[in-house]
Amino acid sequence: MKSMIITLIVILVAVLLAFNFFSNSTRDMDKSMNISPAEFKEKVKTESGVVIDVRTDDEYNNGHLAIADHQFNLLDGEFESKLDSLNKNKTYYLYCRSGNRSGQAARLMKKNGFKNVYNAGGFGNLAAEGFETK
């Protein structure tokens, strides 16, 4: 009985350590992917890349960044299939309304083998930073 309790404790500790490791890895990845509008402005000057608006068609049509190369709606169920048309070695800058969907999209792209993906945040903040809009 005593050895069974010790075994269960060891298994529980191992599971908790594994959970903590993967949780921290995801947080670290998010930190390295998330950039402020000011950082985005500087980065596009030195590291050209593909700018993707991940908002809905209506949101995009009501105003988007002039430098947007694509509009891939994260919520339409086809986002992942559209990634097949992209070069995984290029740099990608994503934005949405608030930075939430673009963060999700950035994590999805990383999971699918894209190397340089940045979540530039929300459209309103980017426009306020001086990015030209259409």
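Worth a mention:
- Residue check for D28: charged (D, E, K, R), surrounded by fewer than 11 Cβ atoms within 10 Å (Cβ to Cβ), at pLDDT below 95 and outside any loop (DSSP other than H, G, I, E, B): yes
- Taken over region 85-134, the residue count meeting the criterion of being over 15 Å from the mean Cα position of the chain (by Cα), surrounded by 14 or more Cβ atoms within 10 Å (Cβ to Cβ) and aliphatic (A, V, I, L, M) is 3.
- Helices (runs of 4 or more DSSP H) completely within region 63-134 that count 3 or more residues being of a type outside the set (S, T, Y) and in contact with a helix residue (DSSP H, G or I) (Cβ under 6 Å, 6 or more places away or on another chain): 100-111
- Extreme residue, farthest from F114 (Cα to Cα), among residues of region 43-75 that are surrounded by fewer than 16 Cβ atoms within 10 Å (Cβ to Cβ), modelled with pLDDT under 95 and not hydroxyl-bearing (S, T, Y): K45
- Qualifying residue in region 47-60 (condition: without any contact (Cβ under 8 Å) to a residue 60 or more places away in the chain, assigned to a helix (DSSP H, G or I) and in contact with a strand residue (DSSP E or B) (Cβ under 6 Å, 6 or more places away or on another chain)): yes
The values are calculated or read from the model by the stated rules, or taken from the named source; none is laboratory data. A quick note: this is a predicted structure, and the numbers were derived from the prediction, not measured. Glycine also receives a Cβ, built like all others from the backbone with ideal geometry; neighbour counts cover every protein chain displayed.
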